[in-house]
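Right, one structure below, let's go through it.
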Amino acid sequence: MSFSTIVILVVVAVIVWLIYTFNRLVVLRMRSKEALSDIDVQTKRRYDLIPNLIETVKGYMTHERNVLENVTKARTEAMSGSGDAVDKAGKENMLSGTLKTLFAVSENYPDLKANANFLELQRELSDTENKIQAARRFYNSNVKSLNIKVEVFPTRLVAGTFGFSKMKFFEVSTEAEKEPVEVKF
């Protein structure tokens with residue numbers, strides 16, 4: 001084997017590696033964006049369910065208007081949420097907290113707890129919350145894979161050259177959001 005053949009084989013191997021690495025980074029970035037979109041789909045579903053839940057609860061809750069107003073305010077705040085994953089996480093976690101408060105307050109209304117509409121909406125919201133958490137975990141998993149690829153050598157060279165950068169994780173942004181909801185009467 002001649003020197004020129006070896007050089008050609010090395011150049012071809014480097015080009016193949018560059019193409020593979022670039023394509024892998026593209027796939028990881030697209031999966032992360034898709035996972036973030038899945039979070040948006042599930043939160044949209046939750047936004048659609050909340051007005052129905054509030055209308056069902058309104059008839060039973062006459063003196064807990066503050067709870068209903070907080071849920072509505074948190075929903076509006078979360079729906080208007082733009083920005084990065086960290087900003088969205090904070091607003092979504094606030095909404096989750098107000099929903100927990102609403103369900104905790106509903107414990108004082110036996111007729112409400114037996115209402116079929118309320119029970120179905122509560123089940124749907126609970127299911128949606130679980131899907132949102134799964135979507136967040138899926139997003140973070142994809143972001144972790146992308147971030148590792150962007151950081152490790154020699155992939156880091158390709159990532160830097162072609163403008164690939166780390167993405168932010170979806171996480172709880174404040175200590176208050178990590179605390180369980182406390183209901184006082």
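Remarks
Each row is one residue, and each column tells you yes or no for (1) modelled with pLDDT under 95; (2) among the aliphatic types (A, V, I, L, M); (3) in a loop (DSSP other than H, G, I, E, B).
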| site | (1), (2), (3) |
| --- | --- |
| 133 | yes, no, no |
| 137 | yes, no, no |
| 146 | no, yes, no |
| 153 | yes, no, yes |
| 158 | yes, yes, no |
| 170 | yes, no, yes |
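- Among residues of the stretch 119-147, those that are among the aliphatic types (A, V, I, L, M) and over 20 Å from the mean Cα position of the chain (by Cα), counted: 2
- Pair list, Cβ under 6 Å, 6 or more apart: the stretch 129-144 residue farther than 14 Å from residue 96 by Cβ, other residue basic (Lys, Arg): 142/31
- Check on residue 150, within 21 Å of residue 34 (Cβ to Cβ) and not basic (Lys, Arg): yes
- Candidates are the residues of the stretch 54-84 that are among the small types (Gly, Ala, Ser) and at pLDDT 75 or above; the one that is farthest from residue 44 (Cα to Cα) is 74.
- One residue stands out among those in the stretch 26-57 that are buried (at least 16 other Cβ atoms within 10 Å of the Cβ) and β-branched (Val, Ile, Thr): the one that is nearest to residue 166 (Cα to Cα), which is 39.
- So residue 4, is it surrounded by 13 or more Cβ atoms within 10 Å (Cβ to Cβ), part of a helix (DSSP H, G or I), out of contact with any Cys (no Cβ under 9 Å at 6 or more places or on another chain) and modelled with pLDDT of 90 or more: no
- Taken as a whole, the structure leaves residue 23 outside the set of residues that are surrounded by fewer than 18 Cβ atoms within 10 Å (Cβ to Cβ), polar (S, T, N, Q), at pLDDT below 85 and part of a helix (DSSP H, G or I).
- For the stretch 127-145, the criterion of being under 30 Å from residue 17 (Cβ atoms) and of a type in the set (Val, Ile, Thr) is satisfied by at least one residue.
The values are calculated or read from the model by the stated rules, or taken from the named source; none is laboratory data. All values derive from a computational prediction rather than experimental measurement. Positions of Cβ are backbone-derived with ideal geometry, glycine not excepted, and every protein chain shown enters the neighbour counts.
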